[in-house]
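Asks: Pasting a structure below so you can have a look.
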Amino acid sequence: MKSHSNYSLKTANSFAVESKTPHIYFPSSDDDLVALSQLLKDQTYYLLGDGSNTLFCEELAPVIVAPRFYGVEIQETELGFIVEAGGSENWHNLVISLIEQNIKGLENLALIPGTVGAAPVQNIGAYGKDISMYCTGVTWFSMLNQCATQFSNEQCQFSYRDSLFKHDGYNKGIITKVSFFFPKKWQAQIEYGELQTLPTNVTAKQVMEKVIEVRNLKLPNPETLPNAGSFFKNPVVSNQTVSNLQRTFPDMPVYPVDESNSKLAAGWLIDQAGLKGFTQCSAAVHDRQALVIVNKGNATGSDIIHLAKFVQSEVHKKFAVYIEPEVRLVSSRGEQPFSAIDVAPLC
Ligand SMILES: Cc1cc2nc3c(=O)[nH]c(=O)nc-3n(C[C@H](O)[C@H](O)[C@H](O)COP(=O)(O)OP(=O)(O)OC[C@H]3O[C@@H](n4cnc5c(N)ncnc54)[C@H](O)[C@@H]3O)c2cc1C
């Protein structure tokens, strides 16, 4: 199995922060995973895809496992297409390739960075769709039992930006393959945002092109302005809290979740706290998209954490609501909760 020691992760995370791992392993077969699970028994390690939802918070990172499982297989049935994709395939390339083959369904999820294997972990979603709508199962290699297990869609326990792999399955195994079914019967989902401008007889390819156009306009490209997309999750609060807040902020966007709870738009809260464009050291709240924190130059992981903690506390001061990171925060001790990360002095 390929591996390196004292390896820089600067090009392996979309925030482009410098962090070094003592060891990185690139398993590409179940045999490699068996060997690795024995080697890393009782050791802290972090499982890394393309690093587009990961912030290395310190100069030292833990041991890294970076799986390399490739290949896409497509089988046509009377009613649709069964697709099986290796966990290390690039998500956006998979979306483009399927649409080009007239296999429709993932068009709303174009241009989401990252790997196919990481996609079920947070049930990636955009423009009213998420991967759970088409994922029929996941092949997961258990590092504890040293064997592959199949999880059905139901067993993956998908919900908003969440799944089994963030809870009971967390850090216990590796997604090596994701299976999908795309029915031939297709209807465009264009009720969200700018997609509403599309005609009702739009094709899947046109939806994909619109999604790409809008995302390119709205979101900073990590290759030119390093970032990890939405830094914070949209907070879910009680309807009582919503009513209290609406007295002071009648224009506040609110999205119902269930009978008792609603979701607030974290980007709106940050914007209202006056933080759009706010910069500390080289870390900044993006000047057009307040939910995104960007690295404007040589920001370190701790610069970004420091800014994120400031944003969280300013939003709390104004709205009495805590916003929490969506991005996975990784220190030398492995992934950490936001509250457990010490903030180093400013640059
Ligand atoms: C500009 C930008 C826009 C974005 N827009 C969206 C969006 O619209 N919607 C959305 O949902 N997300 C969005 N994201 C977040 C990101 O694209 C997704 O979270 C993506 O799935 C991360 O993939 P990755 O391979 O980079 O994961 P990483 O950052 O490498 O890892 C993320 C998590 O998945 C785990 N993981 C990685 N690979 C595996 C595996 N094979 N098996 C098990 N666990 C694994 C890691 O341990 C970690 O916990 C955006 C990010 C950026 C930078």
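The values are calculated or read from the model by the stated rules, or taken from the named source; none is laboratory data. This one's a predicted model, so the numbers in the text were calculated from it and none came from an experiment. Backbone-built Cβ (ideal geometry, glycine too); neighbour counts: all protein chains shown.
Asks: Scan region 155-164 and give yes if some residue there is within 16 Å of the ligand (Cβ to nearest atom), closer than 22 Å to residue 101 by Cβ, surrounded by 16 or more Cβ atoms within 10 Å (Cβ to Cβ) and not small (Gly, Ala, Ser), otherwise no.
Replies: no
Asks: Conditions: (1) of a type outside the set (Val, Ile, Thr); (2) touching a residue at least 24 places away in the same chain (Cβ under 8 Å); (3) in contact with a helix residue (DSSP H, G or I) (Cβ under 9 Å, 6 or more places away or on another chain). Residue 259 meets all but one. Number of the miss?
Replies: (2)
Asks: Quick one: count up the residues across region 60-77 that are in contact (Cβ under 8 Å) with a residue 40 or more places away in the chain and more than 16 Å from the ligand (Cβ to nearest atom).
Replies: Count: 1.
Asks: Just to be sure, is residue 290 within 16 Å of the ligand (Cβ to nearest atom) and out of contact with any Ser or Thr (no Cβ under 9 Å at 6 or more places or on another chain)?
Replies: So residue 290 fits the description; yes.
Asks: Here's a follow-up. Select, from 207, 202, 242, 237, the only residue that is away from the ligand (no atom under 16 Å from the Cβ), modelled with pLDDT of 95 or more and under 23 Å from the mean Cα position of the chain (by Cα).
Replies: Unique residue meeting the criteria: 237.
Asks: While we're here: Name every residue in region 195-211 that is under 16 Å from residue 126 (Cβ atoms) and not charged (D, E, K, R), in order of residue number.
Replies: Within region 195-211, 195, 196, 198, 204, 207, 208, 211 meet the criteria.
Asks: I'd like to know if region 314-335 contains one or more residues that are assigned to a loop (DSSP other than H, G, I, E, B), in contact (Cβ under 8 Å) with a residue 24 or more places away in the chain and within 14 Å of the ligand (Cβ to nearest atom).
Replies: Within region 314-335 (the criterion being assigned to a loop (DSSP other than H, G, I, E, B), in contact (Cβ under 8 Å) with a residue 24 or more places away in the chain and within 14 Å of the ligand (Cβ to nearest atom)), the answer is yes, since at least one residue qualifies.
Asks: Among the candidates 78, 84, 73, single out the residue that is assigned to a loop (DSSP other than H, G, I, E, B), of a type in the set (D, E, K, R) and surrounded by fewer than 19 Cβ atoms within 10 Å (Cβ to Cβ).
Replies: 78
Asks: Check whether at least one residue in region 127-140 is buried (at least 23 other Cβ atoms within 10 Å of the Cβ), more than 9 Å from the ligand (Cβ to nearest atom) and free of Cβ contacts under 8 Å to residues at least 40 places away in the same chain, and report yes or no.
Replies: The answer is no, given that none of the residues of region 127-140 is buried (at least 23 other Cβ atoms within 10 Å of the Cβ), more than 9 Å from the ligand (Cβ to nearest atom) and free of Cβ contacts under 8 Å to residues at least 40 places away in the same chain.
Asks: Let me ask something else. Tell me, please, whether a residue that is closer than 14 Å to residue 118 by Cβ and free of Cβ contacts under 8 Å to residues at least 40 places away in the same chain can be found in region 39-48.
Replies: Yes, region 39-48 has at least one match.
Asks: Here's something else I'd like to know. For region 141-154, name all the residues that are over 20 Å from the mean Cα position of the chain (by Cα) and either more than 13 Å from the ligand (Cβ to nearest atom) or over 19 Å from residue 168 (Cα atoms) (or both).
Replies: 144, 145, 146, 147, 150, 152, 154
Asks: What pairs come out if I take residues in region 78-106 that are within 16 Å of residue 208 (Cβ to Cβ) and within 16 Å of the ligand (Cβ to nearest atom) and pair them with residues that are at pLDDT 95 or above and acidic (Asp, Glu) whose C-beta lies under 8 Å away, six or more apart or interchain?
Replies: If the second residue must be at pLDDT 95 or above and acidic (Asp, Glu), the pairs left are 90/50; 95/107.
Asks: If you don't mind, there's one more thing I want to ask. What residue, among those in region 275-301 that are within 20 Å of the chain's Cα centre (by Cα), outside any loop (DSSP other than H, G, I, E, B) and in contact (Cβ under 8 Å) with a residue 60 or more places away in the chain, is farthest from residue 265 (Cα to Cα)?
Replies: Here the answer is 301.
Asks: Go through the residues of region 179-197 one by one and say whether even a single one is within 10 Å of the ligand (Cβ to nearest atom), in a loop (DSSP other than H, G, I, E, B) and touching a Gly at 6+ places or on another chain (Cβ under 8 Å).
Replies: Scanning region 179-197 turns up no residue that is within 10 Å of the ligand (Cβ to nearest atom), in a loop (DSSP other than H, G, I, E, B) and touching a Gly at 6+ places or on another chain (Cβ under 8 Å).
Asks: Hey, among 111, 144, which residue is assigned to a loop (DSSP other than H, G, I, E, B), within 30 Å of residue 210 (Cβ to Cβ) and aliphatic (A, V, I, L, M)?
Replies: 111
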